[in-house]
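Report on the following structure.
The values are calculated or read from the model by the stated rules, or taken from the named source; none is laboratory data. As the structure is a prediction and not an experimental result, all values here were calculated from the model. Glycine also receives a Cβ, built like all others from the backbone with ideal geometry; neighbour counts cover every protein chain displayed. Areas reflect the complete protein model, heavy atoms only, side chains present, ligands, DNA and RNA absent. Shrake-Rupley method; radii C 1.70, N 1.55, O 1.52, S 1.80 Å.
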Amino acid sequence: MHPEFPHEDIIHLNHAAVGPWPRRTAEAVEAFARENLHHGSRGYGRWLETISATRELARQLIGAPEAEDVAFVKNTSEALSMVAFGLPWRSGQNIVIPEGEFPSNRVVWHAAAERYDLEVREVAIGEEPELDLLRACDHATALVSASAVRYDSGLRMDVQFLGNELHGRGIMFCVDAIQHLGALPFDAPGCRADFVMADAHKWMLAPEGTGLFYVNPEVRDRLELNEYGWHMLEHAGDFDNPALTPSPGARRFEPGSPNMLGIQALHGSLSLLLETGMDRVDEEIREHWLHLEDRLRGLGCEILSARHRRAGILTFRPSAGLLGDTPLETVYHRLQADGILCAMRGGGIRFSPHFYHETADLDRAVEGLREALPVR
């Protein structure tokens, strides 16, 4: 077992849903709780230093130019809402999104469209999803929002190509990176992203309720604020200062007191990923993907994810001959009961391994699937 993941009775192949915490993250949370129990807020100044250090780790993960380009948010949906209800829309503009996006990246745009008299274009995507999205854009397109990696099939979007094409047309680019950050390297300036957001509880291996929000400094002032509080001010902490000027950085999107516990945990998780190196994390995950693909095909499963577009998600479906009359949901529940953690998505079962797995873990998972099938 990896020293940071002492899993004794599970094989965690569900990082695309909720990932486990590394040992160091759990220890950071325990230490923070004990400190509060025995010493209260005596160490608050040190806690603030951890916030700054975590913001720098987040900068490295996203590839942002400065740490102050990244805000801490509760989740992806909160950041998407900040964009959808903060941009200076004009009646008649349109927003382009891929068809079948995760609900968070759909409902927010439809809500904004209703409020601001916009059109939402949900585009069916095929073998060249970037071109499909670009063909749907016209002179009235204000923004394209897309997942860097699809939650169901694991399709990896070429965000660099898409972002640069959109930038050349003067169209803003919003990236839901929840299935990307923590699994693959990311370069926000390189893909010309205006907005990038992601929860930390999936591939970033941190608790729910903590997320990252990058805003391109060139467009930061275009995003109108809808949440206000002491922490988003330029002189946060100087409570007697009469000025109410927002922070020039992304902290302007953090209105109130920070999620101190969540950020302590996030620091541990991001430190592990960056110490390991995102290139190595990416390489290990992709090798695990290929190994699982080979073993699953050998078992008689249909692979629903595209090899040439792979990231960390592999969705598959056992053949009708293996299932017989048994619903796929039954097989899924058997896997869960046996400690092989996965999900039902996109018409199949979704495996999402991380860098720390051993090949033996993957083989045991496939063997567990074979045993869970009604026909062998």
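Please report, in debye to the nearest 20, how large the charge dipole of the chain is about its Cα centre when each Lys and Arg carries +1 at its beta carbon and each Asp and Glu carries -1 there. Before the final figure, lay out each step's value.
On the way: 36 positive and 56 negative charges, 65 e Å.
The dipole of the chain has a size of about 320 debye.
Using 0.36 nm per residue, how much length does the chain from R90 to R42 gain when fully extended, once their Cα-Cα distance is taken away?
Working: separation 48, 0.36 × 48 = 17.28 nm, distance 4.96 nm.
Result for the pair: 12.3 nm of gain on full extension.
Say each of E8 and T276 gets a label point 7 Å from the Cα, pointing the same way as Cα to Cβ; how far apart are those two points in nm?
Inter-label distance under the simple model: 2.3 nm.
Report Rg(Cα)/(2.2 N^0.38 Å) for region 32-147, keeping two decimals. Mind dumping the intermediate values first?
Details: Rg = 19.6 Å, N = 116, 2.2 N^0.38 = 13.4 Å.
Rg over 2.2 N^0.38 Å, computed on Cα atoms: 1.47.
When 1/r is averaged over all different Cα pairs and the result inverted, which Kirkwood radius in Å belongs to region 201-318?
Values: mean 1/r = 0.0554 Å⁻¹.
It works out to 18.1 Å.
I'd like the accessible area for M1, computed on protein heavy atoms only with a 1.4 Å probe and all protein chains in place. Round to 10 Å², please.
Solvent-accessible area, nearest 10 Å²: 150 Å².
Where Lys and Arg each count +1 and Asp and Glu each count -1, what net charge lies around M197 among other residues with Cβ under 12 Å from its Cβ?
Details: positive: K74; negative: E78, D176, D194, D199.
Taking every Cβ under 12 Å from that of M197, the sum is -3.
State, to one decimal in nm, how far the label point of E30 lies from the label point of R297, with both points 7 Å from Cα in the Cβ direction.
Distance between label points: 4.4 nm.
In whole Å, how far is the Cα centre of region 342-376 from that of region 113-160?
Here the answer is 31 Å between Cα centres.
Keeping all protein chains in position, work out how much accessible area R169 exposes to a 1.4 Å probe, and write it in Å² to the nearest 10.
Its accessible surface works out to 120 Å², give or take rounding.
With all protein chains present, how much of the accessible area of the chain (probe radius 1.4 Å) comes from carbon and sulfur, to the nearest whole percent? Mind showing how you got there, number by number?
On the way: 7770 of 16210 Å².
The nonpolar share, carbon plus sulfur, comes to 48 percent.
Which net charge results when you count Lys and Arg as +1 and Asp and Glu as -1 among the other residues whose beta-carbon is under 15 Å from that of H267?
Charge balance near H267 sits at -2.
Protein chains only, probe 1.4 Å: how do D221, D132 rank by accessible area, largest first?
On the way: D221 125, D132 30 Å².
Largest to smallest exposure gives the sequence D221, D132.
Using a 1.4 angstrom probe on the protein heavy atoms only, line up F195, F239, F85 by accessible area, largest first.
Details: F195 0, F239 155, F85 45 Å².
Solvent-accessible surface, decreasing: F239, F85, F195.
Which of these values of percent of Cα pairs over 25 Å apart was calculated from the structure shown: (i) 64; (ii) 57; (iii) 60?
Read-out from the structure maps to (ii).
Suppose R0 equals 25 Å; then what is the FRET efficiency for M260 and V219 from their Cβ-Cβ distance, rounded to the nearest 0.05? The partial results should precede the final answer.
Details: r = 29 Å, r/R0 = 1.17.
After rounding, the FRET efficiency stands at 0.30.
Under a 1.4 angstrom probe, counting protein chains only, how are W109, W89 ranked by accessible area, largest first?
W89, W109
To the nearest 10 square angstrom, how much accessible area does K74 have with a 1.4 angstrom probe?
Only protein atoms counted, so the area is about 110 Å².
Just the number: Rg to Rh for region 87-221, Cα atoms, Kirkwood Rh, two decimals.
Values: Rg = 14.2 Å, Rh = 15.1 Å.
Value, to two decimals: 0.94.
Just grab the label-to-label distance for A111 and E329, each label 7 Å out from Cα along the Cβ direction, in nm (one decimal).
Inter-label distance under the simple model: 2.8 nm.
Once you treat every alpha carbon in region 300-376 as an equal point and sum by Debye, what is log10 I(q)/I(0) at q = 0.16, 0.22, 0.24, 0.27 Å⁻¹?
-0.57, -1.08, -1.26, -1.50
Expressed in nm to one decimal, what extension gain is obtained for the pair V18 and E66 from 0.36 nm per residue of sequence separation less their Cα-Cα distance? Display every interim value, and only then the final one.
On the way: separation 48, 0.36 × 48 = 17.28 nm, distance 2.85 nm.
Roughly 14.4 nm would be gained on extension.
Full-extension gain between N226 and A320, please, as 0.36 nm times their residue separation minus the C-alpha to C-alpha distance. Before the final figure, lay out each step's value.
Working: separation 94, 0.36 × 94 = 33.84 nm, distance 5.16 nm.
Extra length from N226 to A320 when fully extended: 28.7 nm.
Calculate for the chain the 222 nm mean residue ellipticity that helices alone would give, adding -39,500 (n - 2.57) per DSSP H run of length 4 or more and normalising by residue count, nearest 500 deg cm²/dmol. Mind dumping the intermediate values first?
Working: 11 runs with 143 residues, N = 376.
The helix contribution divided over the chain gives -12000 deg cm²/dmol.
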